[in-house]
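**Q** I am attaching a structure below and will ask some questions about it afterwards.
The values are calculated or read from the model by the stated rules, or taken from the named source; none is laboratory data. None of the values given here were measured: they were computed from a predicted structure. Every residue, glycine among them, receives a Cβ derived from its backbone with ideal geometry; neighbour counts consider all protein chains shown. Ligands, DNA and RNA are excluded from the accessible area calculation, which covers all protein heavy atoms including side chains. Shrake-Rupley method; radii C 1.70, N 1.55, O 1.52, S 1.80 Å.
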Amino acid sequence: MTLSAQTNTTIADIARMVRKHDSFVLCGHVSPDGDCIGSQLALMHALEALGKDVTCLLVRDEPLPGDISFLPGADRMVPACRYEGSAQVFMGLDVPTRERIGDDACAILDCCKMSVTIDHHAVETTMCDLVYVDPDSASASMLVWELVKELCDVPPAHSVLCAYTGLLTDTGGFRYQNSDANAFRAAAELVEAGADASYAAMMAFGSRTLASLKLEALVLDRLQVFAEGNAALSYLTECDLEGLGAEKSDTEPMVDAVRKLEGARVACMLREQAGTVRGSLRAKDDTDVASLARKLGGGGHRAAAGFTLHCAIDKAVDLLREEISALLSENAVR
Ligand code: 5GP
Ligand code: MN
């Protein structure tokens, strides 16, 4: 564990602060994933077991990705623009900065008397009073699990399943580089505490809509391989989604399909969205794709990062081919 320079508290101190307060809002990031939703819901169930008043916020008023909507409590999440409460404490989970929680959640944060970040993204800025950031942690939900154990003698079953699912999804089913011994130790603890590993895996990875599978066929058909086979890229347009009646959430698994190409060290998936292009980058070796994402105005982790471009999809494809080729030639031989 290497806590980031901004860390100014401990899990035990966060637990002490939590016990002293009654009402909480828990917030994750825009384009929520299994770790951010799993972290929020794991903590919500633990706080509710202690009799606290808790609301989990969605940054945008959009449906949850289908693969995580099975999590208990997911149906009770409230879009930040519709929140009418006045919680004492704001907790940002799996999200480090104001730009990743959007204006509505920022306004809620500004009204709370106390704020806490629990996260695993390495960034230089902070948005909360108490900050606990461990960039070596495979998931934010692993850190939330530490807090849940501190708060509850017997962690609620729903907390356990949600924390496990966050870890499962942020490690890509324990296949990514962040699947280290601590991740497996936390997974073992969570399974011992009652997490149903095969159920979580089936719901998170083994249950895709027909539209999502058909989109994947398109993505693979369009796969571009470049940088001497070291990189793979594909894309989806808004027309593709409309044609198949697909939702944005149906596109989540696509970057993993691209990443599977043998020999590809870097994978990129681009998706047209309301006049912008959302990009996802993944690295299979120690190439730092977060540095490229930051250069393009986004961010993320070394091996998994994202960004938004304000240009046409064909321009985005050209730009990413160029930038990824340059990135790979900087770190030529491994
Ligand atoms: P994904 O490709 O799954 O959307 O994101 C991969 C990782 O990069 C996640 O950890 C996510 O939090 C981070 N990420 C994605 N897009 C952005 C962005 O626009 N800005 C920042 N700072 N991080 C991002
Ligand atoms: Mn995460």
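**Q** Quick check: is even one residue across the range 131-139 more than 13 Å from the chain's Cα centre (by Cα), in a helix (DSSP H, G or I), closer than 26 Å to Asn8 by Cβ and not polar (S, T, N, Q)?
**A** So far as the range 131-139 goes, no, none of its residues is more than 13 Å from the chain's Cα centre (by Cα), in a helix (DSSP H, G or I), closer than 26 Å to Asn8 by Cβ and not polar (S, T, N, Q).
**Q** Among the numbered criteria (1) modelled with pLDDT of 95 or more; (2) away from ligand 2 (no atom under 16 Å from the Cβ); (3) open to solvent by 10 Å² or more (accessible area, probe 1.4 Å), which one does Asn182 miss?
**A** Only one criterion is unmet by Asn182, namely (2).
**Q** Given the options Glu150, Glu124, name the one that is over 19 Å from Val18 (Cα atoms) and touching a residue at least 40 places away in the same chain (Cβ under 8 Å).
**A** Glu124 is the lone residue from the list that is over 19 Å from Val18 (Cα atoms) and touching a residue at least 40 places away in the same chain (Cβ under 8 Å).
**Q** Just one of Met114, Met127, Met142 is under 26 Å from Val25 (Cβ atoms), within 12 Å of ligand 2 (Cβ to nearest atom), open to solvent by 10 Å² or more (accessible area, probe 1.4 Å) and not polar (S, T, N, Q); which is it?
**A** After ruling out the rest, the residue left standing is Met142.
**Q** With the requirement that a residue be modelled with pLDDT of 95 or more, hydrophobic (A, V, I, L, M, F, W, C) and open to solvent by less than 30 Å² (accessible area, probe 1.4 Å), what does the range 65-84 give you?
**A** Listed by number, the residues that qualify are Leu71, Ala74, Met77, Ala80.
**Q** How about the range 85-115: which of its residues are within 15 Å of the chain's Cα centre (by Cα) and at pLDDT 95 or above?
**A** Gly92, Leu93, Asp94, Val95, Ile101
**Q** Report whether or not Glu330 is within 15 Å of Gln224 (Cα to Cα) and free of Cβ contacts under 8 Å to residues at least 12 places away in the same chain. Lay out the reasoning, then the answer.
**A** Numbers: within 15 Å of Gln224 (Cα to Cα): no; free of Cβ contacts under 8 Å to residues at least 12 places away in the same chain: yes.
The answer is no for Glu330.
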